[in-house]
Amino acid sequence: MLFTYALLFYLLALFCIILYSFINIRFSKNIYTIFVLIGLLLNGAHIVDRWLSTKYFPTTSLSDILIFLCFILISMSIFISINSKKPAMVSITLPFVLILGILSMIFWDKPNVKLYNNTFWLYIHLPSIIIGTAFLISSAFSSVIYLYQEKRLRGKNLNLISEQIPPLEFIDKINIYSLIAGFVLFSIGLLSGIIWDFYEVEPYKIKAKVIFSIITWIIFGLILFLKNKKGLPPGKSALWSVIGFLFIFITYFGVAIFLRDN
Amino acid sequence: MQLTVIGLNHNSAPIDIREKFAVHENLLENQYNKILNNERIYEAMILSTCNRVEYYAVTDDYVCSLRLLSNIIEDNSEQDSNILKKYLYIYCGDDALIHIFRVASGIDSLVIGEPQIFGQVKDAFNHAKQYGKFSTFLKKLEQETIKVAKKIRTNTKIAENPITVAYAAIQMAKQVFGKLENKNALVIGAGEMCELAAQHLASNNLKNLYVTNRTYEKAFMLAKNVDGKVADINNIDNILLEIDVVISSTSSENFILDYAYMASLMIKRKYKPIFFMDMAVPRDIDPECNKLENVYIYDIDDLKSIVVTNKKIREKEIVKAKTYLESGVKNMNKWLESLNIIPVIKSLRQAFEENKYREVERICNKFNINNYQERERMQFLISAYINRVLHTPLTVLKDKSSDKNKYTLADSIKIIFGLDEE
């Protein structure tokens, strides 16, 4: 219930950003932050409520994972937007969070990961993979913003939306930091997940979810490697981040299928 | 005798066209000779800046003069005359006067109210003095242009908190880098534009500010003024590896940095972003480089997006400036009409002088005065009397020469000799 209200506030915040970015209604710029923060508070309250009622950190069902992902994504985007004083990151994250929110409601009644599997490796795997994924998604979003703004700057065609976007160098920094943090956490999550799966669930069985996770890991790893060693241009690394994001999406669908199958 | 102007500016032609028409200082003498070879053009002035190339001519035959000027422009640019027509504008008479006043006061600039244009117009008058025929008309035009421009800049808010081209350029760089703190910048050139750019850059707490120029001394002086470092223009490769912002405004006729060079440089830089503001016309940096990853090249025309706000703020002031523009035109016309009375005044004086000698001779012969000193005194006395008698009529003639009212002969005499006042 609390998360539904959170979604409502996220929706209101998105509405304010649209008013500001497309119609240039100035006062809505100040209000959107308040709505997002209220939404974030309710989102957090929902997670705490679930934690208290179920007695374990709520990341064992797809619905809980998506709600936790929403919380992390919004936290990161609001942090970036407040730092840059530009709402671009929140603007791009909010619609995605709303979709995740709706999906979490669809998967509300789906079963949890069986508690007998709730071991040390799972405790490492789930938070790492979720927070890592949030960072990688954030990196992909910053890439989309980067590609948009770069196109505008190169075409010397700045518009009202361009004004809401931080400088390119700032976006590139967000992209690279998110990528590093996301890659490290995703690696930990992936490794712990494989170990957990091998020892606790079904050893010697190759799953689509794992394959897609590895592909995602390779893509983001390659971006990092090329960026550091060969000097991959930000435009190209942004493009690859977006491709990596698509694989994350597929992996998560894989999770949904996996859970449904179980 | 009227003023006529033909040219193109940032409103009528894009930079890739304007740069083909730019007139370098070393070509000015040749250009002036070409123009002034025409006997119907009495005086001429060429104004060539990054925003405009304009040929001013004082003539009594617009058609012939304009034909000649457009031929000269066509020869310079090596462009087809049909293409030229699309970009050229022509003003004659009062319109030409208003145009030059607008240009000098910064109303016609890309960045409205920018102060550099005033100096550039003054320079153009000086070049006309140096290379061309700078006679009565241009002298008066120079005085009036400076007067009008100063009035507009002082009495309206057009020049208040001026946004310079250099300032606008740095704003564009901030779209890429955000704050310029701890960035490295390079200024190529040491002219007025570069000086301003260097000053703006220096106020951004840069890590390093380099200045490079063909003449080392000029670069050294500018670097000293802005607390920067001098870079050898023949050895800027290493510096360019660490530079984030480059502002260039030289009078080079060819690209200083071309595509092939920039492509190899970007590989060495590991595609670290680099921002170029090319304020030169013709351009210093190959515009093709903009296609390279993480290379952002802006030229003078690209500042339009930034200056839109500036234009909106200053539009009200342009309306206020109209009064000063019209008064400038009125003064010039009054002066021009007063020129018609000068031959009359000359004839009148000549007639009086001739009569003076004749009368002195007649009286000296009649009274048998042979002493040279006596004759001299007599002439002095008559000259003083003539000056006294002619002073009022001549002053009135000059002042009232543009008076369009019709008077009777008696009224005219009264006005000319100031008889009403007595």
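The values are calculated or read from the model by the stated rules, or taken from the named source; none is laboratory data. Every value quoted in this text rests on a predicted model; they were computed, and no experiment measured them. When we count neighbours, we look across all protein chains shown, and the Cβ atoms used for this are built from the backbone with ideal geometry, even at glycine. Accessible surface areas use protein heavy atoms only, side chains included; no ligands, DNA or RNA. Shrake-Rupley method; radii C 1.70, N 1.55, O 1.52, S 1.80 Å.
Here are a few things to note about the model shown:
- Loop-located GluC sites (Glu not before Pro) in region B:151-224 whose Cβ has at most 10 other Cβ within 10 Å (DSSP): B:181
- The convex hull of the Cα atoms of region B:151-277, projected and averaged over all directions, covers 8.9 nm².
- Cα-based helix-to-principal-axis angle, B:304-366 vs chain B, degrees rounded to 10: 30
- Between helix B:62-77 and chain B there is an angle of about 30 degrees, using the helix long axis and the longest principal axis of the Cα atoms.
- Taking a straight Cα-Cα cut-off under 26 Å and skipping sequence neighbours fewer than 8 places away in the same chain, the lysines within cross-link reach of residue A:55 are A:110, A:114.
- Cross-link pairs exceeding 31 Å in C-alpha to C-alpha distance, out of B:34/B:122; A:156/B:157; B:320/B:406; B:122/B:320, comprise B:320/B:406.
- Shielding by partners for peptide A:149-159, expressed as the average number of C-beta atoms from other protein chains within 10 Å of each residue's C-beta, is 4.
- Degrees, to the nearest 10: A:168-196 long Cα axis against longest axis of chain A: 0
- Listed residue pairs exceeding 21 Å between alpha carbons, taken from B:224/B:304; A:229/B:268; B:174/B:268; B:20/B:139: B:224/B:304; B:174/B:268; B:20/B:139
- B versus A: buried accessible surface, summed, Å² (probe 1.4 Å, to nearest 100): 1600
- Per-pair calculated FRET efficiency, R0 = 35 Å: residue B:130 and residue B:182 via Cβ, rounded to 0.05: 0.15
- Principal axis box of the protein assembly as shown, alpha-carbon based, largest edge first, Å: 149, 55, 48
- The aspartates and glutamates whose alpha-carbon is closer than 12 Å to the alpha-carbon of residue B:272, local same-chain residues fewer than 8 away aside, are A:169, A:172, B:242, B:244, B:293.
- Computed label-point distance, nm, for sites residue A:207 and residue B:202 using a 7 Å Cα→Cβ extension: 6.6
- Rg/Rh for chain B stands at 1.15; both radii use Cα atoms, and Rh follows the Kirkwood definition.
- Cα centroid separation - region B:1-61 against region B:140-193, whole Å: 24
- Extension gain for residue B:214 to residue B:399 (0.36 nm times residue separation, less C-alpha to C-alpha distance): 61.3 nm.
- Using the Cβ of residue B:261 as centre and a radius below 10 Å, the other residues enclosed give a net charge of -3, where K and R count +1 and D and E count -1.
- Whole-angstrom gap from region B:406-420 to region A:61-112, using each part's C-alpha centre: 93
- Label positions at residue B:270 and residue B:61, each projected 7 Å from the Cα along the C-beta direction, are separated by 7.0 nm.
- Percent of C-alpha pairs per 5 Å bin in region B:372-416, short distances first: 5, 19, 19, 17, 10, 10, 8, 7, 4, 1.
- Alpha-carbon gyration tensor eigenvalues x 5, square-rooted, for region B:213-270, Å: 22, 15, 9
- FRET E, pair residue B:384, residue B:26, Förster distance 45 Å, beta-carbon r, rounded to 0.05: 0.25
- Local electrostatic count, residue B:214, Cβ distance below 13 Å [Lys/Arg +1, Asp/Glu -1]: -3
- Computed from the Cβ-Cβ distance with R0 of 25 Å, the FRET efficiency linking residue B:319 to residue B:11 stands at 0.85.
- Across peptide B:261-271, the mean count of Cβ atoms from other chains lying within 10 Å of each residue's own Cβ comes to 2.
- Relative intensity, log₁₀ I(q)/I(0), of region B:328-415 from a Debye sum that treats every alpha carbon as a point, q = 0.16, 0.19 Å⁻¹: -0.76, -0.91
- Candidate residues B:257, A:2: accessible-area rank, largest first, probe 1.4 Å: A:2, B:257
- Taken per residue, the accessible surface of the protein assembly as shown reaches 49 Å², heavy atoms only and a 1.4 Å probe.
- Partners of residue B:404 within straight-line reach, counting aspartates and glutamates whose Cα lies under 19 Å from its Cα and excluding those fewer than 8 residues away in the same chain: B:94, B:326, B:337.
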